[in-house]
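Asks: For reference, the structure I am asking about is given below.
The values are calculated or read from the model by the stated rules, or taken from the named source; none is laboratory data. Note that the structure is a prediction, hence the values are computed from the model and not measured. Counting neighbours? That spans all protein chains shown, and the Cβs are built from the backbone with ideal geometry, glycine included.
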Amino acid sequence: MNLDELKPLWEIHKERADAQPHWTEADLTELLRRTNTHSYPWLLNFCMTLLLISATGC
Amino acid sequence: MKREKLQKEFVQLIAAQQKLIHSVCCLYYSSAEDRNDLFQEIVFQLWKSYPAFRHQSKVSTWIYRIALNTVFSKLRKEKAKPSGESLSNEHWQQIPESGSSAYEEDVEQLYQAIGRLSETDKAIVMLYLEEHSYEEIARVMNMSKTNISTRLNRIKIRLEKLIKLQSV
């Protein structure tokens, strides 16, 4: 068997991939905004910990 | 480069190249929800690595490398969970025969056969069928060209056996 024999079938796979919901630039920007926002609670926790350590002195 | 400008450039790039990511998602996951989660995770990982991307390699090589690393890492995490729902060989075998045409059935057969390969071999077949050179495949997979060539020969034999078994 030659793997190239699978290429016509692979074209169908590509068509399926092409049929997936299209992400517009606006969708992608919103996704990045959401993922960036998710990192804020970590930052907030870190800052609060630093504040508490410096306030209590331990 | 300012972050906003970098983000705009990245978003335009991903919007134009998203078919590559969808192709990876479709190969490794059968449910729309899983594919969507994976797509988002890949975009996030690409965004994290984008500032370090120097355009020394092809954009597609960079996208495939990050996308496949994300898939492998996700599958490892899922396999570590007792109730994980990672793509397993069984998972693909359960895909209902949706094809109404003989051609569609052939594609299902292809998915099922590829689904039985290891995650790494699956990625190598995908890159081969996407007509990447051995050198590019080696770069994406972080392997030698000789290793890729040997693996492709083994994959060919294994796929042939699997497809024959399915058609019996």
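Asks: Identify the residue in region B:50-71 that is among the basic types (Lys, Arg) and in a loop (DSSP other than H, G, I, E, B) and, among all such residues, is farthest from the chain's Cα centre (by Cα).
Replies: So the residue we want is B:ARG54.
Asks: Given the residues B:TRP92, B:TRP47, which is the only one that is surrounded by fewer than 21 Cβ atoms within 10 Å (Cβ to Cβ), at pLDDT below 95 and either out of contact with any Lys or Arg (no Cβ under 6 Å at 6 or more places or on another chain) or away from chain A (no Cβ under 14 Å) (or both)? Show your work before the answer.
Replies: Working: B:TRP47 fails: at pLDDT below 95.
Result of the check over B:TRP92, B:TRP47: B:TRP92.
Asks: A further question on this structure: Can we say A:CYS47 is loosely packed, with under 13 Cβ neighbours inside 10 Å, more than 7 Å from chain B (Cβ to nearest Cβ), modelled with pLDDT under 80 and not in a helix (DSSP H, G or I)? Walk me through how you get there before you give the answer.
Replies: Working: loosely packed, with under 13 Cβ neighbours inside 10 Å: yes; more than 7 Å from chain B (Cβ to nearest Cβ): yes; modelled with pLDDT under 80: yes; not in a helix (DSSP H, G or I): no.
Taking the combined requirement at face value, the residue does not satisfy it.
Asks: Conditions: (1) at the interface with another protein chain (Cβ under 9 Å from one of its Cβ atoms); (2) under 18 Å from B:GLU130 (Cβ atoms); (3) at pLDDT 95 or above. B:CYS26 meets all but one. Number of the miss?
Replies: (3)
Asks: Looking only at region B:16-44, how many residues end up being in contact with a Lys or Arg (Cβ under 8 Å, 6 or more places away or on another chain) and not acidic (Asp, Glu)? Walk me through it before giving the result.
Replies: As a first pass, look at region B:16-44 and keep what is in contact with a Lys or Arg (Cβ under 8 Å, 6 or more places away or on another chain): B:19, B:22-23, B:25-29, B:38, B:41.
Narrowing the set further to residues that are not acidic (Asp, Glu) leaves B:19, B:22-23, B:25-29, B:38.
Matching residues across region B:16-44 total 9.
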